[in-house]
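Okay, structure first, notes after.
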Amino acid sequence: MKSYNEIPLLIPPRILCMFFFIAAFTVSFDIFLNVNIAGFNFRFAQLALLIPIGMSMIHPLVSRQIIRPLGFGYLMLWVFFILLFIPNTTYISRSIGYAGWLCFSVLMIFAATQIFTTEQRVLKLIRVYLYTFFFVSLFGLLQFIMPIMGIGAPFVTQWWIPGIPRINGFSYEPSYYSTYMITGFILIAYLREHGSTIIKRSQLNVMYYTVALTLVLCSSRMGWILMIIWLSRHHIRVLFNLIRGKISAKQFNSMAILSGTIVVVLGISMLSFGTSKMTAGLERMSFLVNGLGILGTSDHSSGARISGLQDTFQVFMDNPLVGHSLGGVAPAIGQQYNYTVTNNEDAKMFEGIAVFVEVLAASGIIGFIPFVIYMTKIIVSPLKLVKRIEDAEVKVILKALSYSLVFELIILQFNQNILRPYFWFHIAVLSSVYFVYLRKYKLKSA
């Protein structure tokens, strides 16, 4: 890679870093500290990033050098297709707004890699990033406790049962909250499991259990599923080894103890309480699976997701080469039902689902290719870098950031809108860390 000699920024780096830290703490704010202009919400985090983004664009003109974020060429090619297809909609102002939102996210990644160019800065960025999840989880616990104590319900939008809130933090609803927090959970969990020293072990433990608790209390089923997958991944590996006949005696004993414990607990429960009481208990807890179509509940949640996925994919199938841009997918779904979308309220009725399918419908099959390549590089390249360096702590950090991004992408497949600010902020953090250690060890990008 080309050598990089840092040139003093027009504004001191510590000031620009501070704006990024402010953005990190507020990047999940959907319903707090926002400004609505022409029907579009501008988040406080976006406002905080205006100055560092502006300086990062001026800096290369002064220093005559530029840092290309990982996979930036593919990212810009995808952006080109999104801009190209803006006119293909019945509601062009939405397409323009969403395209502008995407460009802002791309500039955020660019700014981060121009500003966080030293190991000291990126390590501080990661520490601050970890504390932001802890901060939001603490607010989530407060949000859960206050209504129970009868002293208010700040920003609560949904309830488990009357008087018991579902945590949503500063997000629109619990599912948005879990989509944000799952990144922090995986990030903190991996650092904790592998003995990271980026912050004290005791602090990592507190963060881990606090974030995990709020993810449980928000009662987002997809959040639960991904937590279970992460926590049971070792047992899943043992199960595969058992099927292949390659299980060790130690692994077999662990599986036997776990299975035996489950059987004993269920047996004691049935003998102590009787099957009728257990059935009644399950019925009382059925609100936890409401919307999934099991335990006698309706399937409005899962049914709506499947319907939304079918509608979104149909938009692509109707014209696989010419996309509708990111803001044009909802109006295109509306047209399937002979409804012309001309404002944001109408668009909300026809939101798609599964962000990769949305991107496919927005970009067309050709425009989708650079998007897939970029997403692959942003995950795979840091993992390849891990194999080329010796520093154990750096290895853990890069893996933690990459794996948490994978889980974020998974949960987004059950949601709409890839323009979530915290998703792109995470990519900005990962891109910065990757560049710093690529340069430190004088390696070429993979």
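What nm value, rounded to one decimal, do you get for the distance between Arg201 and Phe32 when each label is placed 7 Å out toward the C-beta?
Simple spin-label model gives 3.3 nm for this pair.
So, with a 1.4 angstrom probe, what is the percent of accessible area on region 312-446 that is carbon and sulfur?
Percent of accessible area from carbon and sulfur atoms in region 312-446: 62.
Name the residue farthest towards the positive end of the dipole of region 325-446 from the options Leu360, Tyr339, Val394, assuming +1 on Cβ of Lys and Arg, -1 on Cβ of Asp and Glu, about the Cα centre.
Val394
Report the full-extension gain for the segment Tyr339 to Met18: residue separation times 0.36 nm, less the Cα-Cα distance, to one decimal in nm.
Working it through step by step, the gained length comes to 111.0 nm.
Could you sort 326-332, 402-408 so that the peptide with the highest average Cβ count within 10 Å comes first and the rest follow in order?
326-332, 402-408
Quick one: net charge of Phe19's neighbours, Cβ under 14 Å, K/R +1, D/E -1?
Result for the local shell: +4.
With θ set to phi - 60° and the Karplus curve 6.51 cos²θ - 1.76 cosθ + 1.60, what are the ³J(HN,Hα) couplings of region 122-131 in order, to the nearest whole Hz, using x for Gly and Pro?
The phi angles translate into 5, 5, 5, 4, 5, 4, 4, 4, 5, 5 Hz.
Taking amide H atoms as placed 1.01 Å from N in the peptide plane, list the residues 5 or more away in sequence, or in a different chain, whose amide H sits under 5 Å from that of Phe42.
Long-range HN contacts for Phe42: Val35, Asn36, Ile37.
If amide H atoms are built 1.01 Å from N in the plane of the peptide, which residues on other chains or at least 5 residues away come under 5 Å of the amide H of Trp160?
Arg166
For every other residue with a beta carbon closer than 15 angstrom to the beta carbon of Met207, add +1 if it is Lys or Arg and -1 if Asp or Glu, then tell me the sum.
Here the count lands on +3.
Counting only protein heavy atoms, what percent of the accessible surface of region 11-151 is carbon or sulfur at a 1.4 Å probe?
74
Looking at this model, which pairs from Lys124/Lys440; Lys200/Lys440; Lys395/Lys440; Lys200/Lys384 are more than 19 angstrom apart at the alpha-carbon?
The answer is Lys200/Lys440; Lys200/Lys384.
Could you compute the net charge surrounding Ser196? Neighbours are other residues with a C-beta less than 13 Å from the C-beta of Ser196; K and R count +1, D and E count -1.
+3
Please give the residues of region 386-413, grouped as numeric ranges, whose backbone N is less than 18 Å from a label point set 7 Å along the Cα-to-Cβ vector of Tyr441.
It comes to 386-403, nothing else.
Hey, with R₀ at 22 Å, roughly what FRET efficiency would Trp159 and Leu213 work out to, going by the Cβ-Cβ distance, to 0.05?
Efficiency, rounded to the nearest 0.05: 0.75.
The values are calculated or read from the model by the stated rules, or taken from the named source; none is laboratory data. These figures come from a predicted structure and were not determined experimentally. When we count neighbours, we look across all protein chains shown, and the Cβ atoms used for this are built from the backbone with ideal geometry, even at glycine. SASA here: full protein model, heavy atoms, side chains in, ligands and nucleic acids out. Shrake-Rupley method; radii C 1.70, N 1.55, O 1.52, S 1.80 Å.
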